[in-house]
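Read-outs throughout are calculated quantities, based only on the coordinates presented, and are distinct from any laboratory measurement. Given the structure is predicted, the values throughout are model-derived calculations rather than measurements. Note: ideal-geometry Cβ built from the backbone for every residue, glycine included; neighbour counts use all protein chains shown.
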Amino acid sequence: MIFIFPRVMVPLPGIGGNLILQGRLINGKGKTAPNAEIEIRNGTIQRVDLHAKSEQAPDLLNVGEMTILPGLIESHVHLWGTRTMDYFHRLVVPEEMNLLRAAQDLSRLIDAGYTSIRDAGSRGGIFLRNAVNEGTLRGPRIKTPRLMINQTGGHMDKHFIPLEEARAKTVARIADGPDECRRAVREQLREGADYIKICVTGGLTGEK
């Protein structure tokens, strides 16, 4: 995808033809061209010229004062849909509500120019990814591990709630020892995880 700031997306695979874009270009390598030209044929970028040369064409789009740049990538985000960092409040919010809020967050990410994101652990990331892939939701490409794997008392084990509650309501798959960790990995892959996230120490979200 190409992102035209502010708030215009050109999804290359879906434009269904040809397009010539003209405007200020940020190439993602630290350079800016004030009057560049990008030619797209059959949904694929064919050429990028730092100086626009096409004057009239039926498929010409000059974006004026807007800026053309590659789609941005967010490498660490959690698709939790929460609206507060108060964990006790978050415990009583239904997962269905959080999933709906996360769907809205995906639309906001697209509007901000993010075309790919890496979900760093969530209960709903796989469903959101699948909904985006099938065209049901508007959002960026998503890679997700589903649940994070960590040991009892580790990074995502909430020590201030009972252990069984932590197993059921956090974004952690609590596992101890080689065999249990293997099983935890297989569970995430079975559910469709794109990669595996492992937390091997305590962290900011724990007390111990």
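Values computed for the structure shown
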item	result
Computed over the stretch 148-208, Cα set: Rg, Dmax in Å	11.2, 31
Listed residues 148, 87, 126: farthest to the positive end of the dipole of the chain (Cβ charges)	148
Extension gain, residue 194 back to residue 95 (0.36 nm per residue minus Cα-Cα distance, nm)	33.5 nm
Where a label projected 7 Å from the Cα of residue 31 along Cα→Cβ would reach, residues of the stretch 42-56 with amide N under 11 Å	49-51
The chain - share of DSSP beta bridges that are antiparallel (%, nearest 5)	55 percent
Length released on extending from residue 51 to residue 180, taking residue separation times 0.36 nm less the Cα-Cα span	40.6 nm
Computed over the stretch 123-170, Cα set: Rg, Dmax in Å	14.3, 40
Segment residue 88-residue 111, extension gain: residue separation times 0.36 nm, minus the distance between their alpha carbons	5.2 nm
Cross-link partners of residue 143 among aspartates and glutamates (Cα-Cα below 12 Å; sequence separation of 8 or more within a chain)	74, 119, 194
Rounded to whole Å, sorted largest first: equivalent-ellipsoid semi-axes of the stretch 75-208, Cα gyration tensor	25, 18, 12
Inter-label distance, nm, simple model (7 Å from Cα along the C-beta direction), residue 62/residue 165	6.3 nm
Dipole magnitude of the chain, debye to nearest 20 (Cβ charges: Lys/Arg +1, Asp/Glu -1, about Cα centre)	220 debye
Residue-by-residue Karplus 3J(HN,Hα) for the stretch 161-178, coefficients 6.51, -1.76, 1.60, Hz, glycine and proline x	10, x, 4, 5, 5, 4, 5, 8, 10, 9, 8, 9, 9, 6, 8, 10, x, x
